[in-house]
Amino acid sequence: MTHAIRIHAHGGAEQLRWDAIDVGEPGPGEVRLRQTACGLNYIDVYQRDGLYPAGDLPAVLGMEAAGTVEAVGEGVERFAVGDRVAYPMCQGGYAEARLIAADKLVALPETISDRQAAAVMLKGLTAQYLLFRSYPVQPGDSILVYAAAGGVGSLLCQWAKHLGATVIGCVGSAEKAELARANGCDHTILYRDQDIPARVREITGGAGVAAAYDSVGKATFMASLDSLRPFGVMVSYGNASGPVEPFSPAILAPKGSLYVTRPTLATHIATRALLDDGAAKLFGAISDGLLHIQINQTYALADTAQAHRDLEGRRTTGSTVLLADGS
Ligand code: NDP
């Protein structure tokens, strides 16, 4: 019997249930995957508590996993039984096995293990589009990164440093500040105690940062705007503290003709070409040694509720992987 973590109602981590499920046979264009490792992402929390839609209930949560193709449906040419694959941003990841459109899958190079893929597909592709598309970082830019010791943040800081940026990382504790520095942060701000714009002005000699990559949302949005240089770019890409409150675009003028964008990875990998291009760049950055994948927590898939509690409680760092192969 195959199992998955499902919710039957929106709410807290207690809603995550280990259910027996029937996976069935792949339809046209689909494959059946035997999954070994699933990624844990903050979007899973939003879908669990109802901030983001999760489809009809009961619903299998989880947006990222890696495993092996065990059956292919009609018309699938790109993948065959036995291929190792992974995917980001496709709901239904918290499962020992699942059906999925072949179009959503990326073949894994031998050098990347299933656990590494589950740790890095969604978070690494996010770091990639943020740094190369939302605001393309230039050598010498100062940038502000939130949750700099977290999943996306760890990868974002490493990559930005390699691109020649001066990276200012906001972190929730002194231990996380140490990790952030190891990720390439030149400066850290303990933003639970320190005034973010004041510290940014101090660090940048009054200039402000070229871009703020803000994943915290409600609690930090205004502080991020106030940390930008003229024409700076506010990249609001998450809501860990809650969704950003409505604001008038008129406030952007006196703060320095600022730009605001609210991107999602879904748009940035919406076509096969975009997904292939992003994955090639991500795997290249890993094999070139620019990115070190940090799997700092693992849980059995059946214990996903505890993983959610730890993520929401700000107790995780780097990536968290849920093990679906019984190891
Ligand atoms: P993280 O590992 O970064 O965990 C979240 C971190 O946010 C915490 O560790 C904590 O770090 C910080 N945080 C600040 N305030 C709170 C709060 N009130 N409650 C909980 N955590 C808080 O998670 P992920 O790497 O999975 O995701 C990071 C962010 O990126 C999320 O907001 C997520 O939604 C977003 N994201 C957006 C994508 C997009 O395309 N738009 C794609 C992928 C992720 P600290 O203690 O240092 O403050």
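Summary of computed values
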read-out: Relative contact order (%) - the chain, alpha-carbon pairs under 8 angstrom, separation at least six; value: 17 percent
read-out: Relative contact order, percent, segment 33-92 [alpha-carbon distance under 8 Å, six or more residues apart]; value: 37 percent
read-out: Nearest-20 debye value, segment 139-262 charge dipole, Cβ charges on Lys, Arg, Asp, Glu; value: 160 debye
read-out: Theoretical ellipticity at 222 nm over the chain - DSSP helices of four or more residues, -39500 (n - 2.57) apiece, nearest 500; value: -7500 deg cm²/dmol
read-out: Per residue, the convex hull volume that the Cα atoms of segment 145-235 enclose (Å³); value: 83 Å³
read-out: Segment 139-262, relative contact order in percent, only Cα pairs under 8 angstrom and at least six apart counted; value: 21 percent
read-out: Exposure rank, largest accessible area first [PHE247, PHE221, PHE231; 1.4 Å]; value: PHE231, PHE247, PHE221
read-out: Set LYS123/LYS218; LYS104/LYS281; LYS176/LYS218; LYS104/LYS218 screened for pairs whose C-alpha atoms are more than 28 Å apart; value: LYS104/LYS218
read-out: Accessible surface, the chain, averaged per residue in Å² (probe 1.4 Å); value: 40 Å²
read-out: Additional length obtainable on full extension of the chain from GLU312 to ASP276, 0.36 nm per residue less Cα span; value: 9.8 nm
read-out: Separation of the LEU57 and ALA250 label points, Cα + 7 Å toward Cβ, nm; value: 4.1 nm
read-out: Carbon + sulfur, % of accessible area of the chain - ligands and nucleic acids excluded, 1.4 Å; value: 52 percent
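The values are calculated or read from the model by the stated rules, or taken from the named source; none is laboratory data. Since we're looking at a predicted model, the values are computed, not measured. We place every Cβ from the backbone using ideal geometry, glycine too, and count neighbours over all the protein chains shown. With ligands, DNA and RNA removed, areas are computed over all heavy atoms of the protein, side chains included. Shrake-Rupley method; radii C 1.70, N 1.55, O 1.52, S 1.80 Å.
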